[in-house]
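> Attaching a single structure in structure tokens format; questions to follow.
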Amino acid sequence: MPSLQVNGTNYEINADPSTPLLWLIRDICGLKGTKFGCGIGICGACTVLIGGTPLRSCNLTLSDIGSSAVTTIEGLSGDGALHPLQQAFIEHDGLQCGYCTPGQICSAIGMAAEIRRGVPSAVTADLANTSIELTRDELRERMSGNLCRCGAHNGIIAAIGESFGNQPGLAEAAE
């Protein structure tokens with residue numbers, strides 16, 4: 001029987017190999033933070049971190065991820081304390097209904113790791129430069145795959161900018 005590691009816990013999976021990872025996380029693991037949105041990987045509500053990379057769990061299966069570790073929104077907090085980005089979302093009103101928030105936060109954490117590695121986006125001015133300045137436009141581009149139908153985008157951008165403001169280039173994104 002295959003197993004799935006989610007937030008550091010191994011789960012034995014007895015399901016069809018083509019079952020979307022999203023349903024395994026929600027139904028087998030009992031973790032309800034990851035949301036179903038569009039079902040085709042466009043809206044970002046189902047975003048989780050797989051090996052630190054933000055991916056859409058609605059169109060991935062257990063066989064797609066193999067033995068990679070999965071981190072959901074529930075796995076970001078520790079010892080009863082929220083992750084700093086989760087707290088910043090609250091402080092900056094980066095959520096209204098909260099439906100997209102788990103995916104937004106997982107995407108932002110993955111995005112910050114990409115910036116640290118020097119991975120360019122579609123709006124990065126100098127593709128040869130490995131030190132990317134995360135301006136407001138850069139941040140908006142990198143988060144554009146996560147939809148918020150409530151219109152909390154300004155709060156989301158402010159929360160991300162504040163959370164990662166101690167990294168070079170990220171402070172400007174909060175302005």
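Values quoted throughout were computed directly from the atomic coordinates according to the rules given, and no laboratory measurement underlies them. No experiment lies behind these values; they were computed from the predicted model shown. Positions of Cβ are generated from backbone atoms using ideal geometry, with glycine treated the same way; all protein chains shown enter the neighbour counts.
> Could you list 147, 95 in order of exposure, starting from the residue whose Cβ has the fewest other Cβ atoms within 10 Å?
The order, fewest Cβ neighbours first, is 147, 95.
> Shifting gears a bit: In Å and from the alpha-carbon atoms only, list the Rg and Dmax of the chain.
For the chain, the Cα-based Rg and Dmax read 16.2, 50 Å.
> For every other residue with a beta carbon closer than 14 angstrom to the beta carbon of residue 5, add +1 if it is Lys or Arg and -1 if Asp or Glu, then tell me the sum.
-2
> Let me ask another. So what's the back-of-envelope 222 nm ellipticity for the chain, counting only DSSP H runs of four-plus at -39500 (n - 2.57) apiece and dividing by all residues, rounded to 500?
When only DSSP H runs of four or more count, the value is -7500 deg cm²/dmol.
> Under a Cβ-Cβ cut-off of 12 Å, what is the net charge of the residues other than residue 82 that fall near it, where Lys and Arg count +1 and Asp and Glu count -1?
Neighbour charge sum, excluding residue 82 itself: -3.
> Using only the alpha carbons of the stretch 3-75, determine the length spanned along each of the three principal axes and report them from longest to shortest in whole angstroms.
29, 25, 20
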